[in-house]
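To start, the structure under review is shown below, and the notes come after it.
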Amino acid sequence: MPVPFVSGFVRLTASGVVGDSGKPQWLSGYSFDSGGTAGNAYFVNGSSTVSPGNSVVCRAGGGVISTTSPQQTFGQLPVSFPLGCYVSFDANTTAISVFYVQA
């Protein structure tokens with residue numbers, strides 16, 4: 001049984017799924033790294049890139065980012081990704097750590 005108010009994490013260095021593909025996720029935050037400038041990562045509700053039924057929920061990054069940006073969060077409560085969560089990178093994104101709870 002999961003411990004309440006505790007999340008796990010995954011560090012993605014390329015586009016990919018958070019946790020188990022297709023299982024609901026609750027994301028509590030992320031930390032974004034970019035070795036270039038203006039890196040972007042997109043959080044998709046689903047297990048793959050944007051397609052019918054899957055949609056971009058939010059974007060991490062943007063603007064000029066050098067090396068590592070400060071930790072970002074979605075807010076006080078976790079955000080639900082009922083179809084699973086896929087993170088899509090652009091060429092300027094180095095890595096992203098995602099903090100999540102899996103259903």
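The numbers here are math on the coordinates, done by the rules we state, and not lab data. No experiment lies behind these values; they were computed from the predicted model shown.
Mind checking the full-extension length gain between Ser80 and Thr94? Use 0.36 nm per residue of separation minus the Cα-Cα distance, one decimal, nm. If you can, show how the numbers build up before the last one.
Details: separation 14, 0.36 × 14 = 5.04 nm, distance 2.48 nm.
Contour length minus the Cα-Cα distance gives 2.6 nm.
Whose amide H sits under 5 Å from the amide H of Gly29, counting only residues 5 or more places off or on another chain, with H placed in the peptide plane?
Result for Gly29 returns Phe74, Phe99.
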